[in-house]
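Notes to accompany the following structure.
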Amino acid sequence: MTPPILVTGGKGTLGRVVVRQLTDARRPVRAISRSTTPPVDLLTGDGLDAALAEVDVVIHCATTLGSKDVVATEKLLAAAKTAGIKHLVYISIVGIDRVPLPYYKTKLAVERRIEDSGIPWTTLRTTQFHDLLALLWSRQRLPVLFYPSLRFQPVDTETVAARLIDLAGSAPAGRVPDLGGPRVEKAGDLARAYLRSTGSRRPAVPLWLPGKTFAAYRRGEHLTPEHADGLVDFDTFLAKS
Ligand SMILES: NC(=O)c1ccc[n+]([C@@H]2O[C@H](COP(=O)([O-])OP(=O)(O)OC[C@H]3O[C@@H](n4cnc5c(N)ncnc54)[C@H](OP(=O)(O)O)[C@@H]3O)[C@@H](O)[C@H]2O)c1
């Protein structure tokens, strides 16, 4: 029997695509989150030991979207060590060491914990998912749509999931080359594409954001034009959604 691949955050935006692709490829997969049956909570560790039984490889997609990711990952690493996990694959974000966003500092701390864990590991950093930009704009309920005066290189979760699965089936490789979407685009163009796709006639209005974090984004520290390997552009993503 092939051991199942454990996917943390298996019900999230990325995790559910990873789980679906593994299932479609007839690979045994075990998805965990607080809303799976049985539930597994990485912050308390409840259900974690049972979830790791007979598992060799973990794809770690869970996030609390905040600083608790460090504790959650420490719990996962401790249990994974006891269970004898042979390979942990982690999804991170391009530029977390260059953009001083608090969540990025957390991601960097999580990367360090994984590197120091003694468990063989692979970490892939990607740019923002298409879903994230669409979500930011779908939540605005104003007569205009604001967008930051920045550029993005959004990537589709199908490409990211496929890369993670490929990495999970290979030998642990440490930090691997970054993965970005097919094009670096102005946020204004992406915002107008979003409006068109929803049939809205609202104007898109640029927003200049102050501070060191947005200065780093303006410098393009979150982009990886040399790794524009994503297969789906934002327009195609919107058409499919
Ligand atoms: N979104 C982006 O643009 C982007 C870009 C690059 C990298 N990433 C990284 O990709 C990863 C996945 O992002 P995503 O957008 O798919 O996140 P998401 O949609 O917010 O999903 C997060 C998942 O984590 C689970 N989770 C949260 N707290 C948990 C806990 N205490 N115990 C167990 N599971 C817990 C959630 O399920 P329950 O709530 O059911 O527990 C959910 O399945 C993250 O590490 C993120 O930093 C994201």
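Determine the percent antiparallel among the DSSP beta bridges restricted to region 5-240, to the nearest 5.
Roughly 5 percent of the beta bridges in region 5-240 run antiparallel, per DSSP.
Determine the calculated [θ] at 222 nm for the chain from helices alone, applying -39500 (n - 2.57) to every DSSP H run no shorter than 4 residues and normalising by the residue count; nearest 500 deg cm²/dmol. Walk me through the intermediate numbers first.
On the way: 9 runs with 92 residues, N = 241.
That comes out to -11500 deg cm²/dmol.
Take every Cα pair under 8 Å in the chain that's 6+ residues apart, average their separations, divide by the length, and report that relative contact order as a whole percent. Mind showing how you got there, number by number?
Numbers: 475 pairs, mean separation 47.0, N = 241.
Relative contact order, the chain: 20 percent.
Per residue and in Å³, how big is the convex hull formed by the alpha-carbon atoms of region 49-166? Could you put the intermediate results ahead of the total?
Details: hull volume 14.8 nm³, N = 118.
Taking the convex hull of the Cα positions in region 49-166, it is 125 Å³ per residue.
Excluding ligands and nucleic acids, what accessible area in Å² is computed for residue 57 using a 1.4 Å probe, to the nearest 10?
Counting only protein heavy atoms, residue 57 exposes about 20 Å² to solvent.
How long, wide and thick is region 140-241, going by the Cα atoms along their three principal axes, in whole angstroms, largest first?
Extents along the principal axes, in whole Å: 51, 35, 21.
Please name whichever of 83, 25, 208 sits farthest to the positive end of the charge dipole of the chain, dipole taken about the Cα centre and charges placed at Cβ: Lys and Arg +1, Asp and Glu -1.
208
How far is helix 15-24 tilted off the main Cα axis of the chain, in degrees rounded to 10, range 0 to 90?
Once rounded, one gets 60 degrees.
Taking θ as phi - 60°, what are the ³J(HN,Hα) couplings along region 212-227 by the Karplus curve (6.51, -1.76, 1.60), each to the nearest whole Hz, with x for Gly and Pro?
Couplings: 5, 4, 6, 5, 5, 4, 5, 6, x, 5, 9, 10, 9, x, 6, 10 Hz.
Sorted by accessible area (1.4 Å probe), largest first, how do 158, 185, 226 line up? List each step's numbers first, then the result.
On the way: 158 65, 185 35, 226 130 Å².
Output order, biggest surface exposure first: 226, 158, 185.
What is the helix-to-structure angle for 157-168, meaning the angle in degrees between its Cα long axis and the longest Cα principal axis of the chain, kept from 0 to 90 and rounded to the nearest 10?
Computed tilt is about 30 degrees.
From the protein chains alone at 1.4 Å, what is the descending order of accessible area for 183, 202, largest first? Mind dumping the intermediate values first?
Working: 183 100, 202 65 Å².
The ordering from most to least exposed comes out as 183, 202.
I'd like the orientation of helix 187-198 relative to the chain: the angle between its Cα long axis and the longest Cα principal axis, in ° from 0 to 90, rounded to 10.
90 degrees
Rounded to the nearest percent, how much of the accessible area of the chain (1.4 Å probe, protein heavy atoms only) is carbon and sulfur? The partial results should precede the final answer.
Numbers: 6600 of 11800 Å².
Solvent-exposed carbon and sulfur of the chain make up 56 percent of the total.
Please report the accessible area of residue 68 (heavy atoms, 1.4 Å probe, ligands and nucleic acids excluded) in Å², nearest 10.
Approximately 120 Å² for this residue.
Enumerate the amide H contacts of residue 205 below 5 Å, restricted to partners 5 or more residues apart or on another chain; note that Pro and chain-start residues carry no placed amide H.
So residue 205 has HN proximity to 145, 146, 147.
Which whole number in µm²/s is D for the chain by Stokes-Einstein, with the Kirkwood Rh taken over Cα pairs at 10 °C and 1.306 mPa s?
Numbers: Rh = 18.7 Å.
For these conditions, the coefficient is 85 µm²/s.
Say the cut-off is 26 Å between C-alpha atoms; which of 107/240; 105/240; 75/240; 86/240; 86/107; 11/105 go over it? Walk me through the numbers on the way to the answer.
Numbers: 107/240 30 Å; 105/240 33 Å; 75/240 37 Å; 86/240 37 Å; 86/107 22 Å; 11/105 24 Å.
From 107/240; 105/240; 75/240; 86/240; 86/107; 11/105, over 26 Å: 107/240; 105/240; 75/240; 86/240.
Keeping all protein chains in place, calculate the accessible area per residue for region 105-241 (probe 1.4 angstrom), answer in Å².
Details: 6780 Å² over 137 residues.
That works out to 49 Å² for each residue.
The values are calculated or read from the model by the stated rules, or taken from the named source; none is laboratory data. The structure presented is a predicted model; accordingly, all values stated were derived computationally and were not measured. In this analysis, Cβ positions are derived from the backbone assuming ideal geometry, glycine residues included, and neighbour counts consider all displayed protein chains. Quick note on the areas: whole protein, heavy atoms, side chains included, nothing else; ligands and nucleic acids left out. Shrake-Rupley method; radii C 1.70, N 1.55, O 1.52, S 1.80 Å.
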